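Okay, so here's the structure we're looking at.
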Amino acid sequence: MTADPAERPHLELAYVCVEVEDPDALGGFLTEVMGLVPGEPTTDGDVTWRNDDRAHRIVVRRGPANDVVAIGFAAPTGDGFAAAVDRLGAAGYDVVEGTPAERGARRVAALAHTVAPFGVRFELVQGLADAGTPFASPQVPGGFLTEGVGFGHVVVATTQFDEAHRFVTEGLGLAQTDWLATEIGPGIELEVRFFHGNPRHHSLAVARAPFELPQTLHHVMVEARDRDDVGRAFDRAWNADVVIANGLGLHDNDEMFSFYAVTPAGFQVEFGHGARVVGDDWRDDRRYDRISRWGHQPVPPR
Ligand SMILES: [Fe+2]
């Protein structure tokens with residue numbers, strides 16, 4: 001049963017937790033190239049980065065996975081959190097209340113978790129704490145767009161595509177914004193579905209993987225407030241000889257102006273600006289047959 005769109009919850013991407021072999025290398029990339037700033041380590045000893053005044057937005061644990069290990073979505077209020085937990089349980093997913101230690105490590109007031117069909121621990125939270133100092137990045141003077149729309153977006157690839165779609169729409173109550181279905185090479189179909197729980201065009205997108213891929217996490221996206229900060233980030237990536245998966249371009253569906261850089265852990269970061277937003281009156285849930293209006297070409301290794 002599809003929920004009444006009027007009852008759809010407000011949910012934002014709160015944080016993404018990754019396990020990587022070389023946290024120092026990833027940290028250098030996030031700081032020097034992407035312009036995020038270090039947060040305080042967690043009570044678990046994980047290191048963190050942030051792109052706004054919140055305590056952390058990326059939580060990094062040392063380990064072999066080189067992949068996402070947890071995704072946190074935040075409700076803005078206690079009532080919203082309770083409703084989100086109820087919805088997930090009513091849709092048939094096992095929801096476990098977080099322990100005080102887990103809430104402490106994530107710096108949230110409330111936490112419940114389950115395992116998404118794409119194999120990643122999924123955390124519903126409320127009350128993500130502020131950092132001790134305001135956000136300021138020398139590399140990104142304009143800062144990042146997060147107010148009311150969350151950290152950014154996260155894109156995962158899974159062979160459990162249909163079950164993941166049910167989890168996201170019925171379990172989480174996110175609305176599908178639109179979808180992409182196109183042939184990206186001879187006989188190679190790409191299908192991606194985009195979901196929103198706030199004005200950001202998508203906070204989560206799910207790609208259909210043709211077979212088990214080494215990484216579930218394709219990319220996380222951060223959105224700069226100033227278009228020139230995208231160009232400056234591209235210059236830093238270029239000058240640091242970072243692998244640029246896709247150069248500057250404009251996406252057809254969310255109209256994001258962005259580029260994609262490959263992190264030392266293999267997954268990517270999309271650095272963008274200027275995506276369109278969706279409202280409660282969104283009626284443009286349709287198929288797109290191209291990823292980009294222009295640009296986003298693969299950049300050969302230099
Ligand atoms: Fe993206």
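The values are calculated or read from the model by the stated rules, or taken from the named source; none is laboratory data. No experiment lies behind these values; they were computed from the predicted model shown. For neighbour counting, all protein chains shown are included, and Cβ atoms are generated from backbone atoms with ideal geometry for every residue, glycine included. For the accessible areas, the whole protein counts, side chains as well, though only heavy atoms, and no ligand, DNA or RNA atoms are used. Shrake-Rupley method; radii C 1.70, N 1.55, O 1.52, S 1.80 Å.
The table below lists the values:
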item: Gyration tensor verdict on the stretch 1-148 (Cα atoms; rounded if a/c is under 1.5, prolate if a/b is larger than b/c, oblate otherwise); result: prolate
item: ³J(HN,Hα) computed for each position of the stretch 65-77 - Karplus, 6.51 cos²θ - 1.76 cosθ + 1.60, integer Hz, glycine/proline x; result: 5, 6, 7, 6, 10, 7, 10, x, 10, 10, 8, x, 9
item: Assigned charges on the beta-carbon of Lys, Arg, Asp, Glu; the chain dipole about Cα centre (debye); result: 300 debye
item: Mean Cα-pair separation over length for the chain, i.e. relative contact order, pairs under 8 Å, 6 or more apart, %; result: 18 percent
item: Amide H contacts of residue 131 (H built 1.01 Å from N, under 5 Å, at least 5 apart or other chain); result: 54, 55
item: Residue of 207, 55, 131 that the Gaussian network model of the chain assigns the largest fluctuation, springs spanning Cα pairs under 10 Å; result: 131
item: Among 154, 176, 138 the positive-end extreme of the charge dipole of the stretch 120-183 (Cβ point charges); result: 138
item: Whole-Hz couplings from phi, Karplus 6.51/-1.76/1.60, listed for the stretch 242-251; x for Gly and Pro; result: 5, 5, 9, 5, 9, x, 4, x, 10, 5
item: Cβ-Cβ FRET estimate between residue 227 and residue 96, R0 fixed at 35 Å, reported to 0.05; result: 0.25
item: Solvent exposure, largest accessible area first (probe 1.4 Å, DNA, RNA and ligands not counted), of 40, 102, 270; result: 40, 102, 270
item: Gyration tensor (alpha-carbon) shape descriptor, the chain, a/c threshold 1.5; result: rounded
item: Rule-of-thumb Rg ratio for the stretch 130-226 [Cα; 2.2 N^0.38 Å; N residues]; result: 1.27
item: R0 of 22 Å, Cβ-Cβ distance residue 183-residue 297: FRET efficiency to nearest 0.05; result: 0.80
item: Overall form of the stretch 192-236 per C-alpha gyration tensor (a/c, 1.5; a/b vs b/c); result: oblate
item: Theoretical ellipticity at 222 nm over the chain - DSSP helices of four or more residues, -39500 (n - 2.57) apiece, nearest 500; result: -4000 deg cm²/dmol
item: Estimated distance in nm for a label pair at residue 241 and residue 40, the labels positioned 7 Å out from Cα along Cα-to-Cβ; result: 3.8 nm
item: DSSP beta bridge pairing in the chain, given as percent antiparallel to the nearest 5; result: 70 percent
item: Residues residue 287 and residue 53, FRET efficiency given R0 of 35 Å [Cβ-Cβ distance, rounded to 0.05]; result: 0.40
